[in-house]
Amino acid sequence: MKHFIIKTSCWFFLFIVIYFIIGFAPFAIYDRSYPIYKSQLEFINSDSAEILFIGDSRVNASVIANNIPNSRNLGIPASSPIDGYFLLKKYLDNHKKVKNIFISYSWKNLGNQHNSIDIYRRGVLMGLYGYKEYMQILERSRLIDKEFNNKISWINFISAFTRSPVFMGVELKEFNFSNYEDNKEIYKLFNAQKGHITSIFGNELSCIDCKGLNSKMQDFRLDPIYDYYLKELINLSVSNNIKVIFETIPFNKSSLTSNKVERQYQQYLKELSQLYPNAGICDTIFYYEDKYYESTTHMNAIGAIKYTSYLKYKIVGDE
């Protein structure tokens, strides 16, 4: 009897440990990116939509997929075209059909960014890239940019190889029990709204001080690695007969103070449109009034309704 109790207790303890690591720990350890990555990965593995919206947090905040039939918002905060490329590739590998793809990355997430720590850190640790994909990105980075410091991060390497959540907390956030409830709520909201979410970017209905991120950026220097993967994302779409729309989601009028950045970025978009004349590459930058934003660059609910209505007409017409 004593032996049975000890054995049962050990198995129970092991079960608790496994449950904690697999079920509870990720929501408690990770920052707010985790429930978003988790939701997007679950979607591309098990669900489908005819219209996909891919990009950074401005896509999450600005596009209400529930208002556009048969669509899904696949935006990921602070992501780059590397994330976008692998999201679509994994989606298509699951034999899913797509008719239209909308792509949008701000100039911040296309330039002046990459280094060996940040370029794919979260994508690796959140499980978006496996070991082979991680090594592929490293090798591609070596070929594209000779100055790229591609020293392997052992935390990245082990996480990519094992898909273990344990290593993530060391990189992103100290353990905090309060994270669990916050991340669970974000996960539920994110799923219900099919990838659209605004509440994690700010709490104000309108932007009080819309100067900030873009006003500090005085020069747009295209990142060669991000440029490569953006073009690969477009190529992947075109080769699968997916209609492509690339458009810069409108900024608020107070956000940009450097005309130089705008000119440099528009020049890049013009070159991109010439390279892909049959794709819908828009080289015009639009602006909305500050009242449509809840933070420096993220739309509030009113702004998202306005922009989604415009996108719906542009993609599906009067349906």
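All of the numbers you see were taken from the coordinates with simple rules; none came from a lab. Predicted, not measured: the structure shown is a model, and the values here were computed from it. Ideal geometry is used to build each Cβ from the backbone, glycine not excepted, and the neighbour counts take in all protein chains shown.
Restrict the search to the range 49-106; then list the trypsin sites (Lys or Arg not before Pro) that DSSP places in a loop and that have at most 13 other Cβ atoms within 10 Å of their Cβ.
K97
Counting other beta carbons within 10 Å of each residue's own, what order do D47, D145 fall into, fewest first? Could you put the intermediate results ahead of the total?
Working: D47 12, D145 15.
Ranked by crowding around the Cβ, least crowded first: D47, D145.
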